[in-house]
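J.: Below is one structure. I have some questions about it.
Derivation of every value follows stated rules applied to the coordinates shown; laboratory data play no part. Predicted model only: the values in this text are computed from it and were never measured. Positions of Cβ are backbone-derived with ideal geometry, glycine not excepted, and every protein chain shown enters the neighbour counts.
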Amino acid sequence: MDTVRVKHVTPGAMTAGEREQFAALVDEVADDFVPPLTDRRGTTETQLNGPTGSQPTNYLDALLTQHNLLVFEGDRLTAFLSYRLGHHIAELPEVGACTYVSTIAVARDRRRAGHARLLYGQLMPLASSWIVLRTWSTNTSHIRLLQALGFKELYTLEDHRGAGLDTVYFGLDQSSGTVASSPRSSATTCH
């Protein structure tokens, strides 16, 4: 078995070889997301359920402007987590500036190998007090992992990604050294 290692790459610092593998992995998993990554304008887009009326940008280019944690097995890139520091989320003003995970992906043949858990574990000491992300409501394997790691559901936008496909925001408050409850009294659903 190849050695598994995680590399932190700052914005714009990916090598040509890493970028080539990164682009291939983004391409491999693009259609596994709801909506597909190729249909999005960027990593923080707020309209996820139909035409936006503006020209899409390359999602890969947006990822490259962010911090990335890369998992390598030997020389092969098998997973990544892309994040923004000091990000503000309009739906969660109570959180303030947070570490926002825009994308986490694992190569199809390496899923269930612990790479997503490894990536979140590597992110936690690098992150601000709050780590926040969003996913779609039918992404049950990711949601189970988030709950196991102590993330709490913070906010839900019903049908945000289409009929029956909600956007769910999850957060982990690391400021007190323990998992905190939602910044609101309970998870909020917006209709």
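J.: Between segment 101-152 and segment 63-92, what's the alpha-carbon centroid distance in Å?
T.: 11 Å
J.: Which whole-Hz ³J(HN,Hα) couplings does segment 146-153 yield from phi under the Karplus relation 6.51 cos²θ - 1.76 cosθ + 1.60, θ = phi - 60°, glycine and proline marked x?
T.: Each residue of segment 146-153 in turn: 4, 5, 5, 7, x, 5, 10, 5 Hz.
J.: Next up: Listing 65, 3, 78 from the residue with the fewest other Cβ atoms within 10 Å to the one with the most, what is the order?
T.: Numbers: 65 13, 3 8, 78 22.
Ranked by crowding around the Cβ, least crowded first: 3, 65, 78.
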